[in-house]
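The values are calculated or read from the model by the stated rules, or taken from the named source; none is laboratory data. Given the structure is predicted, the values throughout are model-derived calculations rather than measurements. Note that each Cβ is placed from the backbone with ideal geometry, even for glycine, and that neighbours are counted across all protein chains shown.
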């Protein structure tokens, strides 16, 4: 199997889960946007999570534990990212933010249904539902993210006149398990600029989007 093919569950540095037809909450960040000391601490927690997962035999319990563990880790990563006190903040540049925004919208109704996103100075939150690719399979999260991040990294580096890694390789993802949780996640995504002290109301942030159906 190609590593970009659709898979219900797989692990790399982090565990990833994509049930058929599921809505996904994904966070991806700029390369080198978290200090080494904090990365090591959070990496240690990730290793501990993977070690605990290896002891769980029941597949359903394993996936549930992985999902909850990632949710906790994401909250810690996001708190650091919101401070934007370390590393690049290229997404502050309206040219780069527009590039990412347009790329997220472009894939709507092509590989996913787009529900919401928020582009912060050094990271992006997005909520989407991958579309069926062929009978019984869906566009894989890995394929969608490689395409999105690969294209935007190339174009952003051209705009900025730089070379090298633009995005951190692996993204955080979380399966939206219910309508109530979906609403909580949408509120979290849209209010991220408010939480970070960038605006008073989410609607003031120019790089947020929420589909009419999601409101």
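Please verify whether residue 144 is under 23 Å from residue 46 (Cα atoms) and in contact with a strand residue (DSSP E or B) (Cβ under 8 Å, 6 or more places away or on another chain), treating the condition exactly as stated.
Values: under 23 Å from residue 46 (Cα atoms): no; in contact with a strand residue (DSSP E or B) (Cβ under 8 Å, 6 or more places away or on another chain): yes.
No, not satisfied.
Could you check how many residues of segment 160-194 are in a helix (DSSP H, G or I) and surrounded by 14 or more Cβ atoms within 10 Å (Cβ to Cβ)? Quick ask: steps written out before the conclusion?
Of the residues in segment 160-194, the ones in a helix (DSSP H, G or I) are 160, 179-190, 192-194.
Those still in the list that are surrounded by 14 or more Cβ atoms within 10 Å (Cβ to Cβ) too: 160, 181-182, 185-186, 188-190, 192-194.
Of the residues in that region, 11 qualify.
Have a look at 96, 56, 119 and point out the one that is surrounded by fewer than 15 Cβ atoms within 10 Å (Cβ to Cβ) and either modelled with pLDDT under 95 or within 15 Å of residue 148 (Cα to Cα) (or both). Quick ask: steps written out before the conclusion?
Numbers: 96 fails: surrounded by fewer than 15 Cβ atoms within 10 Å (Cβ to Cβ); 119 fails: surrounded by fewer than 15 Cβ atoms within 10 Å (Cβ to Cβ).
Testing whether each residue is surrounded by fewer than 15 Cβ atoms within 10 Å (Cβ to Cβ) and either modelled with pLDDT under 95 or within 15 Å of residue 148 (Cα to Cα) (or both) leaves just 56.
For segment 197-205, check the following and say yes or no: at least one residue is more than 22 Å from residue 31 (Cβ to Cβ), in a strand (DSSP E or B) and touching a residue at least 60 places away in the same chain (Cβ under 8 Å).
No - not one qualifying residue is present in segment 197-205.
Scan 131, 148 and give me the residue that is within 14 Å of the chain's Cα centre (by Cα) and surrounded by 15 or more Cβ atoms within 10 Å (Cβ to Cβ).
Details: 131 fails: within 14 Å of the chain's Cα centre (by Cα).
Result of the check over 131, 148: 148.
In contact with a helix residue (DSSP H, G or I) (Cβ under 6 Å, 6 or more places away or on another chain) and either under 21 Å from residue 122 (Cβ atoms) or not in a helix (DSSP H, G or I) (or both): is that true of residue 156 in this structure? Full working, then the answer.
Details: in contact with a helix residue (DSSP H, G or I) (Cβ under 6 Å, 6 or more places away or on another chain): yes; either under 21 Å from residue 122 (Cβ atoms) or not in a helix (DSSP H, G or I) (or both): yes.
Spelling it out, residue 156 is indeed in contact with a helix residue (DSSP H, G or I) (Cβ under 6 Å, 6 or more places away or on another chain) and either under 21 Å from residue 122 (Cβ atoms) or not in a helix (DSSP H, G or I) (or both).
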